[in-house]
Amino acid sequence: MSNALPDWTGDTAALRAVQDDLAQRVSLRDDFAKPLRTIAGFDVGFEEDGAITRAAAVLLDADTLDVIDQRVARLPTRMPYIPGFLSFRELPALLEVLAMLPAAPDLAFIDGHGIAHPRRLGIAAHFGVATGLPSIGVAKKILTGEPRMALHEMRGAFTPLRRGKEQIGWLLRSKPGCLPLIVSPGHRVAMPSAPELVMRFTGKYRLPEPTRLADRLASRRDPGMRDAGSADLFDRGTG
DNA sequence: GCGACAG
DNA sequence: ATCTTGTCGC
């Protein structure tokens, strides 16, 4: 197959060709460990005015959500942010931090889109195909597509995100009163499973735990010291 | 040509 | 993404 990460020459047409090729290798069938043993969240941030790309990974026990390990990788930034080509800018750092983990996760949650992309190869899908790992994209904003209908306010409500007639993902209300998450399969995860898996690992915050924790590591802010213990970070309340 | 545009 | 205090709302 063609190189999943060609050097940046300023030619987006070449990258587009790579995306079209890799998108064909994406599998939208559930093909991950059952039951899931470990999951991981990945996110990217920048330092030095963007000169340095920092990727964060947090490996969690899928049952207890205990943090097994967390890592940060820093690499020189190699290309600018161009809508639709985000993965070529951030994937190198993600692959680097993945290699730093003691073991690969059974499922990866990536901050960004899966197949909810103009050419069906958002960063979560690109990551999945490049690593062979099952992955799901969890984004905060739509890149492309339209919601099928208005979303209910209740926690867990979802509606398809589609481009024309085809569904490319979902809008998921992970938390009442918050803007919905845009969830889409990355690789080896079926469309109906994506929102289920995200909700399974979402507690009292808008972002699911894997991505939320990776977010805090990637963002250059210190680990919050004002919250309660980890035990209730995942508290869903009693009723 | 115009507007949209993950992080 | 990132620069950043206080402020509004559940």
Residue within the stretch A:68-75 that is closer than 23 Å to A:Pro6 by Cα, within 16 Å of DNA strand C (Cβ to nearest atom) and open to solvent by 60 Å² or more (accessible area, probe 1.4 Å) present: yes
A:Lys165 vs. criteria within 11 Å of DNA strand B (Cβ to nearest atom), open to solvent by 60 Å² or more (accessible area, probe 1.4 Å) and over 18 Å from A:Val189 (Cβ atoms): no
Which listed residue, of A:Arg71, A:Arg16, is of a type outside the set (Val, Ile, Thr), in contact (Cβ under 8 Å) with a residue 12 or more places away in the chain and either touching a helix residue (DSSP H, G or I) at 6+ places or on another chain (Cβ under 6 Å) or in a loop (DSSP other than H, G, I, E, B) (or both): A:Arg71
Selected residue (criterion: most open to solvent (accessible area, probe 1.4 Å)) from residues of the stretch A:47-67 that are within 12 Å of DNA strand C (Cβ to nearest atom) and over 17 Å from the mean Cα position of the chain (by Cα): A:Asp49
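For (1) touching a Leu at 6+ places or on another chain (Cβ under 8 Å); (2) open to solvent by 50 Å² or more (accessible area, probe 1.4 Å); (3) within 16 Å of DNA strand C (Cβ to nearest atom), each residue gets a yes or a no:
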{"position": "A:Leu15", "(1), (2), (3)": "no, no, no"}
{"position": "A:Asp21", "(1), (2), (3)": "no, no, no"}
{"position": "A:Asp30", "(1), (2), (3)": "no, yes, no"}
{"position": "A:Phe42", "(1), (2), (3)": "yes, no, yes"}
{"position": "A:Pro83", "(1), (2), (3)": "yes, yes, yes"}
Top-ranked residue of the stretch A:119-142 - restricted to ones that are closer than 20 Å to A:Ser2 by Cα and open to solvent by 10 Å² or more (accessible area, probe 1.4 Å), ranked as farthest from DNA strand C (Cβ to nearest atom): A:Gly132
Residue, nearest to DNA strand B (Cβ to nearest atom), within the stretch A:74-95, restricted to residues that are in contact (Cβ under 8 Å) with a residue 40 or more places away in the chain and farther than 28 Å from A:Met191 by Cα: A:Met79
Which numbered condition A:Pro195 fails, given (1) in contact with a strand residue (DSSP E or B) (Cβ under 6 Å, 6 or more places away or on another chain); (2) within 12 Å of DNA strand C (Cβ to nearest atom): (2)
Total residues in the stretch A:104-115, condition more than 9 Å from A:Gly186 (Cβ to Cβ) and more than 16 Å from DNA strand C (Cβ to nearest atom): 4
Tally of residues being within 14 Å of DNA strand B (Cβ to nearest atom) and part of a helix (DSSP H, G or I) across the stretch A:194-219: 8
Criterion: within 17 Å of A:Phe42 (Cα to Cα) and modelled with pLDDT under 95 - qualifying residue of A:Pro223, A:Pro208, A:Pro185: A:Pro223
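Residues checked against (1) touching a strand residue (DSSP E or B) at 6+ places or on another chain (Cβ under 9 Å); (2) aromatic (Phe, Trp, Tyr):
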| residue | (1), (2) |
| --- | --- |
| A:Arg148 | yes, no |
| A:Leu161 | yes, no |
| A:Lys165 | no, no |
| A:Trp170 | yes, yes |
| A:Arg173 | yes, no |
| A:His187 | yes, no |
Any chance A:Gly112 is crowded, with 24+ Cβ neighbours inside 10 Å and within 13 Å of DNA strand B (Cβ to nearest atom): yes
The one condition in (1) of a type outside the set (S, T, N, Q); (2) at positive phi; (3) touching a helix residue (DSSP H, G or I) at 6+ places or on another chain (Cβ under 9 Å); (4) within 14 Å of DNA strand B (Cβ to nearest atom) that A:Leu65 fails to fulfil: (4)
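The values are calculated or read from the model by the stated rules, or taken from the named source; none is laboratory data. Everything numeric in this text was worked out from a predicted model, so none of it was measured. Please note: Cβ atoms are built from the backbone with ideal geometry, for glycine as well, and neighbour counts cover all protein chains shown. Remember, those area values only see protein heavy atoms, side chains included, never the ligands or the DNA or RNA. Shrake-Rupley method; radii C 1.70, N 1.55, O 1.52, S 1.80 Å.
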